[in-house]
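First the structure, in the form of structure tokens, and then the observations on it.
Coordinate-derived values only; no laboratory data. Treat the numbers as computed from the prediction; the structure is a model and nothing was measured. Cβ coordinates were reconstructed from backbone atoms using ideal geometry, including for glycine residues, and neighbour counts include every protein chain displayed.
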Amino acid sequence: MRQKFFFILLCLLLPLGASAKVLAPQANAVTPLLNGMKVPAVTLQFPDGSPVSLNALTMSKPAIILFYRGGWCPYCNRQFGELQTIEDQLLDLGYQILAISPQTPAALQSQELETEMKVQQLSDVNLDALREFGVGFYVDDATAKKYDDYNIALTKDDTGTPVLPAPGVFIVNQQGLVEFTYVNPDFKVRPSAQLILSVAEVLASER
């Protein structure tokens, strides 16, 4: 119930979301794409380093797009573990699952997800998707030092400033339109698997 309330509140508080295609100064200042907005034309990379158009992927079939911090993040791995319980149902509904991280393709290979899922991991090392989806933000110096102390290499923008995504879930149709958005600046809070499945079922029934 709390998660559903946050989603509704987010939509009310961000009526102009995603108009600014820049990285936010902090997590609670992100402005994600909202329902009805167009998926941006960005190029990502598969774990082997080969490029792929996000638009081309979403045109092939509806997509559940996840923005996650990296394979090093225990909260991200926990979320993927929960999603694994509904993975077959999502696939049966005709969805593909795309997981986007700012990690390099090499890091995606070396820091594989702890769960065995039919999810396509994608690298956004150039931070284009994080910007265009409005989920990317700059990490403050104190927090960046903590990650550095843990030997976690965060992706940096052209100025050398570390960047992370506010974890988010976007459901996108084959026309490239966002049908559902859930983004929480608190990386410890994720939407439940049941909430995602319920929304995916409703949207699939309306196609």
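Between the alpha-carbon centers of the range 44-105 and the range 120-172, tell me the distance in whole angstrom. So the separation of the two Cα centres works out to 16 Å.
Label separation (Glu82 vs Lys61): 2.4 nm, computed from points 7 Å beyond Cα along the C-beta direction. Stretched out straight at 0.36 nm per residue, the stretch from Asp158 to Thr143 would grow longer than its current Cα-Cα span by 3.5 nm. So for the range 2-205, taking the charge dipole from beta-carbon charges (+1 Lys/Arg, -1 Asp/Glu), which of Gln175, Val52, Met37 sits furthest toward the positive end? Farthest towards the positive end: Met37.
Cross-link partners among aspartates and glutamates for Lys156, C-alpha distance below 14 Å, same-chain residues fewer than 8 apart left out? Of all the aspartates and glutamates, those that pass the test against Lys156 - Cα under 14 Å, at least 8 places apart if same chain - are Asp124, Asp128, Asp140, Asp141, Asp148. Placing a label point 7 Å from the Cα of Leu177 along the Cα-to-Cβ direction, the residues of the range 45-87 with a backbone N closer than 19 Å are 55-65. Along the Cα-to-Cβ line of Thr43, 7 Å from the Cα, sits a label point; which residues in the range 125-160 have backbone N less than 20 Å from it? 125-133, 156-158, by backbone N distance to the label point. Given R0 = 30 Å, the distance between the Cβ atoms of Glu206 and Ser53 translates into a calculated FRET efficiency of 0.70. Once Cα extents along the principal axes in Å is calculated for the structure shown, the corresponding label among (i) 47, 37, 31; (ii) 60, 31, 27; (iii) 62, 44, 32 turns out to be (i).
With a Förster radius of 35 Å applied to the C-beta separation of Asn28 and Leu91, the computed FRET efficiency comes to 0.55. Packing order of peptides 139-147, 177-185, 75-83, highest average first: 177-185, 75-83, 139-147 (average count of other Cβ atoms within 10 Å over each peptide's residues).
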